[in-house]
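Below is one structure, written out as structure tokens, with a few remarks after it.
Quick note: the coordinates plus some simple rules give every number you see, no bench work behind them. A quick note: this is a predicted structure, and the numbers were derived from the prediction, not measured. Methodologically, a virtual Cβ is constructed for each residue, glycine included, from the backbone with ideal geometry; neighbour enumeration extends over all protein chains shown.
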């Protein structure tokens, strides 16, 4: 009898209970701009509004593009970090001065937190791209 209980608990632990499947995720590409100008570095985070622990983050490339490989489907908050989002260590090693702020600090600060970002998008199943504009 104890073996059956143990086997049942083991199966419950391995497979979970109920319908606890994670939400759908897709690959999405896009660009980040401010006043029509591309942002050459930084980070983008998509945060599912229904489950804030369900998120994806990636780097912005020098051409302003990003590729996210596991974006949650549905309404998402978007956090964009650009000022100071470069490789600090690389600048220390080379001795070069880090780049100046890309956008005004007050605007950068607003978009850099999930609590204050005004940017929201709804990711549809099968969606391939999204354009992000910091305003």
One finds the C-alpha centres of segment 29-45 and segment 114-131 to be spaced, in Å, by 13
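Provide the FRET efficiency to the nearest 0.05 for the residue 128-residue 37 pair, computing r from the beta carbons and using R0 = 30 Å. Provide the component values of the computation, followed by the final result.
Working: r = 23 Å, r/R0 = 0.78.
After rounding, the FRET efficiency stands at 0.80.
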If I model a spin label at residue 84 and residue 116 as a point 7 Å from the Cα along the Cα→Cβ vector, what separation in nanometres do I get? 1.2
What is the spin-label model distance, in nm, from residue 94 to residue 49 if the labels are put 7 Å beyond Cα along the C-beta direction? 4.0
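What full-extension length gain, to one decimal in nm, is calculated for residue 107 and residue 135 as 0.36 nm per residue of separation minus the Cα-Cα distance? Write out the running numbers ahead of the final one.
Numbers: separation 28, 0.36 × 28 = 10.08 nm, distance 0.77 nm.
Difference between extended and current length: 9.3 nm.
Can you give the Rg/Rh ratio of segment 22-134, where Rg is from the C-alpha atoms and Rh is the Kirkwood radius? Mind dumping the intermediate values first?
Working: Rg = 14.4 Å, Rh = 14.5 Å.
Here the Rg-to-Rh quotient is 0.99.
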